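Peer 1: Can you read through this structure? Questions will come right after.
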Amino acid sequence: MDHAEALIEENRSLAVIIRGADPALRVPTCPEWTLLQLARHVGRGHRWAATMVRERAETPADPRTVPDGRPPEDPDGVTDWLNSSAQAVLDAVAATGGDTPIWTFTGPKPAAWWVRRRLHEATVHRADAAIAAGVPFVIDPALAADGISEWLDLVSARPAQADAPALADGATLHLHATDDGLGAAGEWLIRGSGGAVVWEPGHGKGDAAVRGPAADLLLAVLRRAPAESVEVLGDATVWTSWLERTGF
């Protein structure tokens, strides 16, 4: 998958939704934000990542100090600003070198890591915008599946939580995308391990199995759709507990 190309396309699609709706519209899946605030969050996040890549950051930058971190007032200006924000990530990675170590939420990673992270940030917030505007959210199954894998990478990198682990030690959760053609990339086996989680692609028997199209799984995993919007087999409390304890 070309994450750079997908970032530009997903971000552009997000900008189209925001341009066609009332910027003051409330976003029910991000209840403290309007669509304009959602756009600012995404665009500033892109520019924040680009700044850290350019500066070869070893610690996180302060998002409030990011150059051009606020969109213009006019709708056309917001669209241009949001689109140029995504491009700034790609430009920064190209200038710095995709293999250059940069600070990330999960420790130092190659600069190109930020392209995939910002892609899936744009994807989930496109879903938020679509929900707010009342328009369909359509996503390629392979991209949705990659979004699930990327999210699991973030969750599995978190420190162990002995008091409230996402999965009890040894408990297993299996996610299965029912789209044709995804193969092992459309299945995930997640296991609780010492208060943290580990995961691997492919088929496996879990204490709970969650099935549905990759798009529906993505929205459910990211709490953009109800837990019951996908088919759950086995111990449903494993699934609901996972959702309660894996917020961003």
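The values are calculated or read from the model by the stated rules, or taken from the named source; none is laboratory data. None of the values given here were measured: they were computed from a predicted structure. For neighbour counting, all protein chains shown are included, and Cβ atoms are generated from backbone atoms with ideal geometry for every residue, glycine included. Side chains included, ligands, DNA and RNA excluded: accessible areas come from the protein's heavy atoms. Shrake-Rupley method; radii C 1.70, N 1.55, O 1.52, S 1.80 Å.
Peer 1: So in the range 226-244, with the set limited to residues that are outside any helix (DSSP H, G or I), exposed (fewer than 15 other Cβ atoms within 10 Å of the Cβ) and not hydrophobic (A, V, I, L, M, F, W, C), which one is nearest to the chain's Cα centre (by Cα)? Spell out the reasoning first.
Peer 2: From the range 226-244, those outside any helix (DSSP H, G or I) are 226, 230-235; that's our starting set.
Narrowing the set further to residues that are exposed (fewer than 15 other Cβ atoms within 10 Å of the Cβ) leaves 226, 231, 233.
Now narrow it down to the ones that are not hydrophobic (A, V, I, L, M, F, W, C): 226, 231.
Numbers: Pro226: 17, Glu231: 22 Å.
Only one residue fits best here, namely Pro226.
Peer 1: Let me ask you something else. So is Trp103 in contact (Cβ under 8 Å) with a residue 40 or more places away in the chain, open to solvent by 20 Å² or more (accessible area, probe 1.4 Å) and either out of contact with any strand residue (DSSP E or B) (no Cβ under 8 Å at 6 or more places or on another chain) or of a type in the set (Phe, Trp, Tyr) (or both) or not?
Peer 2: On the way: in contact (Cβ under 8 Å) with a residue 40 or more places away in the chain: yes; open to solvent by 20 Å² or more (accessible area, probe 1.4 Å): yes; either out of contact with any strand residue (DSSP E or B) (no Cβ under 8 Å at 6 or more places or on another chain) or of a type in the set (Phe, Trp, Tyr) (or both): yes.
When the stated conditions are applied, Trp103 passes them.
Peer 1: While we're on this one: Looking only at residues in the range 54-91 that are among the polar types (S, T, N, Q) and either in contact (Cβ under 8 Å) with a residue 60 or more places away in the chain or more than 16 Å from His41 (Cα to Cα) (or both), which one is most open to solvent (accessible area, probe 1.4 Å)?
Peer 2: If we take residues in the range 54-91 being among the polar types (S, T, N, Q) and either in contact (Cβ under 8 Å) with a residue 60 or more places away in the chain or more than 16 Å from His41 (Cα to Cα) (or both), then Thr59 is most open to solvent (accessible area, probe 1.4 Å).
Peer 1: What are the residues in the range 142-196 that are loosely packed, with under 15 Cβ neighbours inside 10 Å, among the aliphatic types (A, V, I, L, M) and more than 14 Å from Trp242 (Cβ to Cβ), if any?
Peer 2: Passing the criteria: Ala157, Ala160, Ala162, Ala184.
Peer 1: Looking only at the range 39-53, count how many residues are closer than 17 Å to Lys109 by Cα and either hydroxyl-bearing (Ser, Thr, Tyr) or surrounded by fewer than 18 Cβ atoms within 10 Å (Cβ to Cβ) (or both).
Peer 2: Of the residues in the range 39-53, the ones closer than 17 Å to Lys109 by Cα are 46, 48-53.
Now drop any that are not either hydroxyl-bearing (Ser, Thr, Tyr) or surrounded by fewer than 18 Cβ atoms within 10 Å (Cβ to Cβ) (or both), which leaves 51.
Residues meeting the conditions: 1.
Peer 1: Select, from Asp146, Asp163, the only residue that is free of Cβ contacts under 8 Å to residues at least 60 places away in the same chain and of a type in the set (D, E, K, R).
Peer 2: On the way: Asp146 fails: free of Cβ contacts under 8 Å to residues at least 60 places away in the same chain.
The conditions single out Asp163.
Peer 1: How about the range 197-218: which of its residues are open to solvent by 30 Å² or more (accessible area, probe 1.4 Å) and either over 23 Å from Val27 (Cα atoms) or aliphatic (A, V, I, L, M) (or both)?
Peer 2: Listed by number, the residues that qualify are Val198, Trp199, Glu200, Pro201, His203, Lys205, Asp207, Arg211, Pro213.
Peer 1: So which of Ala95, Ala61, Ala24 ends up being among the small types (Gly, Ala, Ser) and closer than 30 Å to Ser156 by Cβ?
Peer 2: Working: Ala95 fails: closer than 30 Å to Ser156 by Cβ; Ala24 fails: closer than 30 Å to Ser156 by Cβ.
Ala61 is the lone residue from the list that is among the small types (Gly, Ala, Ser) and closer than 30 Å to Ser156 by Cβ.
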